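The values are calculated or read from the model by the stated rules, or taken from the named source; none is laboratory data. In this text, all values refer to a predicted model and were calculated from it rather than measured experimentally. Cβ atoms come from the backbone with ideal geometry, glycine included; neighbour counts cover every protein chain shown.
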Amino acid sequence: VCDVRPDRQSAETELAARIAAQLRLRPDLVLGLATGNSMIGVYRALVGMHRKDGLSFAKATSFNLDEYCGLPVGHPASFAAYMREHFFAHVDMPPGSAHLPDENGCADFEAAIAKTGIDLQILGIGRNGHIGFNEPGAPVTSRTRVVELAAATRAANERDFPAGEAVPTHAVTMGIATILSARTILLLATGAAKAEALAGALEGPVTPQNPASFLRLHADVTVICDRDAARLLS
Ligand code: F6R
């Protein structure tokens, strides 16, 4: 299912509204969370609903998709810092309920997910079709592990690092199989830079060369995108 919205902001608001609706139905929702530019507006909208409408995360649990390897704790470009800045610092989710993957604890992270399952996984998409940090070539059977980042991904994410500081070469990420184990998946794609990856994922072959194409193996995936990202869809 693909829900095309007129612009980026309405796509972000739509994703936030769907997360909120699920959370109201099930306050103890287990969320799979993503970072990146695309999600900033989504977290802003969720924080707004928390403040204005009393949307509560007190009973929710979360698992983040990925994290860089080798960054010092508190590094501003780490996904841990991103999550604190954009979301965790502003809502009522107990710190112990938020799980972030750790390069030294992949098996423990998978075991924690296996215990509860993920009810709702949110995803962005890379320009090369990556989901989480599952770059082209990632096997459909993959689980949480350390991976090497594609050169294109490191180039795209340079914007998050201080000038002159290299983007890490490796990251820890949930695998494709981990992502596909979620009950419901919502993918957000905004901007023309995502059009090619999105068209490949939805209309090209299901192939490790476009990891997002594996989402077609799942029965409950909704893509929310803006017109720019939908540009190459037939
Ligand atoms: C982030 C993640 C990545 C991003 C993707 C898009 O946790 O897993 O797959 O969703 O790289 O990033 P942006 O939104 O910055 O274009």
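If only residues of the range 25-82 that are over 23 Å from ARG143 (Cβ atoms), of a type in the set (Val, Ile, Thr) and in contact (Cβ under 8 Å) with a residue 12 or more places away in the chain are counted, the one that is farthest from the ligand (Cβ to nearest atom) is VAL47.
Do we have any residue at all in the range 116-124 that's at pLDDT 95 or above, away from the ligand (no atom under 15 Å from the Cβ), within 26 Å of GLU12 (Cα to Cα) and out of contact with any Leu (no Cβ under 9 Å at 6 or more places or on another chain)? Scanning the range 116-124 turns up at least one residue that is at pLDDT 95 or above, away from the ligand (no atom under 15 Å from the Cβ), within 26 Å of GLU12 (Cα to Cα) and out of contact with any Leu (no Cβ under 9 Å at 6 or more places or on another chain).
Among the conditions (1) over 22 Å from GLU14 (Cα atoms); (2) out of contact with any Asp or Glu (no Cβ under 9 Å at 6 or more places or on another chain); (3) exposed (fewer than 15 other Cβ atoms within 10 Å of the Cβ); (4) modelled with pLDDT of 95 or more, the only one that GLY164 does not satisfy is (4). The residue pairs whose first member lies in the range 147-161 and is assigned to a helix (DSSP H, G or I), whose second member is acidic (Asp, Glu) and crowded, with 19+ Cβ neighbours inside 10 Å, and whose beta carbons are closer than 9 Å, counting only pairs six or more residues apart or on different chains, are ALA152/GLU135; THR153/GLU135. Here ARG18 meets the list (1) within 12 Å of the ligand (Cβ to nearest atom); (2) closer than 27 Å to ALA230 by Cα almost entirely, failing just condition (1). Of the residues contained in the range 152-167, one or more are found to be farther than 30 Å from ARG26 by Cβ, within 16 Å of the ligand (Cβ to nearest atom), over 16 Å from the mean Cα position of the chain (by Cα) and among the basic types (Lys, Arg).
Residues that are free of Cβ contacts under 8 Å to residues at least 60 places away in the same chain, buried (at least 17 other Cβ atoms within 10 Å of the Cβ) and assigned to a loop (DSSP other than H, G, I, E, B) are absent from the range 115-133 altogether. Summed over the range 1-22, the residues that are in contact with a helix residue (DSSP H, G or I) (Cβ under 9 Å, 6 or more places away or on another chain), more than 19 Å from HIS86 (Cα to Cα) and not in a strand (DSSP E or B) give a count of 2.
Inspect the range 189-201 for any residue being within 16 Å of the ligand (Cβ to nearest atom), buried (at least 17 other Cβ atoms within 10 Å of the Cβ), in contact (Cβ under 8 Å) with a residue 24 or more places away in the chain and within 23 Å of CYS69 (Cα to Cα) and give the result as yes or no. No; the residues of the range 189-201 include none that is within 16 Å of the ligand (Cβ to nearest atom), buried (at least 17 other Cβ atoms within 10 Å of the Cβ), in contact (Cβ under 8 Å) with a residue 24 or more places away in the chain and within 23 Å of CYS69 (Cα to Cα).
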